Amino acid sequence: MRSDTTPSQASAGANLRDQALRTPPEKLGFVADADFPDVYGVLVDWPLGDVVASILAPRDGSASLYTTSTFGIIGGGGHASVRAAAQSCVSVAADCLARSHAVADFPLPANDEVYFYLLTYAGVRRCVSDLDALPSGADPTAPLFDAVQEVLTKLRMTMEERGSDAP
């Protein structure tokens, strides 16, 4: 954690991340259907130096970014481009089910790994990927990493648009 970050600011992202991983799908109003039969969301933990970014993409498109520092973006689902990217990401995440394993704890990854937490109706599953292999496509979860980056790009673009409208 950076020294200029207060514990309450840094813990806000951690609390939101934990809530996303621990809240049962039925409390969110999510039930299995033809569009999302197994996976209702994905939360990706991606180390970026001394900060970990957690990107949440649930089936309703309400994507968010939490970090272990003070930065975050909440409420991306209010934008059609973010909703579409998040829903696409959940569909891609379903393709990773076979290489995931069920987990009950949710640690942050080491600096050379990315954790993909698949939020399923039967519980949380995790895929562990090599950070260096993802950009080249050498890791089998590379398509999911690309889909997550699209969500992140759309979130960033909405923040830039909002900033350009500021007085």
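When segment 126-140 is filtered for residues that are part of a loop (DSSP other than H, G, I, E, B) and surrounded by 19 or more Cβ atoms within 10 Å (Cβ to Cβ), the ones remaining, listed by number, are 134, 139. Report yes if some residue within segment 107-125 is in contact with a His (Cβ under 8 Å, 6 or more places away or on another chain), buried (at least 20 other Cβ atoms within 10 Å of the Cβ) and assigned to a strand (DSSP E or B); otherwise report no. Within segment 107-125, one or more residues are in contact with a His (Cβ under 8 Å, 6 or more places away or on another chain), buried (at least 20 other Cβ atoms within 10 Å of the Cβ) and assigned to a strand (DSSP E or B). Checked against the criterion of being within 16 Å of residue 16 (Cβ to Cβ) and in contact with a Gly (Cβ under 6 Å, 6 or more places away or on another chain), the candidates 119, 43 yield just one match: 119. Against the condition out of contact with any Lys or Arg (no Cβ under 8 Å at 6 or more places or on another chain), closer than 23 Å to residue 81 by Cβ and not in a loop (DSSP other than H, G, I, E, B), how does residue 147 come out, does it pass? Criteria met by residue 147.
For first residues located in segment 24-43 and of a type in the set (D, E, K, R), partners that are loosely packed, with under 10 Cβ neighbours inside 10 Å and assigned to a loop (DSSP other than H, G, I, E, B) and lie 6+ apart or on another chain with Cβ distances below 6 Å do not occur. Quick one: would you say residue 53 is under 12 Å from the mean Cα position of the chain (by Cα) and surrounded by fewer than 22 Cβ atoms within 10 Å (Cβ to Cβ)? Spelling it out, residue 53 is indeed under 12 Å from the mean Cα position of the chain (by Cα) and surrounded by fewer than 22 Cβ atoms within 10 Å (Cβ to Cβ).
None of the figures in this text is laboratory data; all of them are computed from the coordinates on show. None of these values were measured; they are calculated from a predicted model. For neighbour counting, all protein chains shown are included, and Cβ atoms are generated from backbone atoms with ideal geometry for every residue, glycine included.
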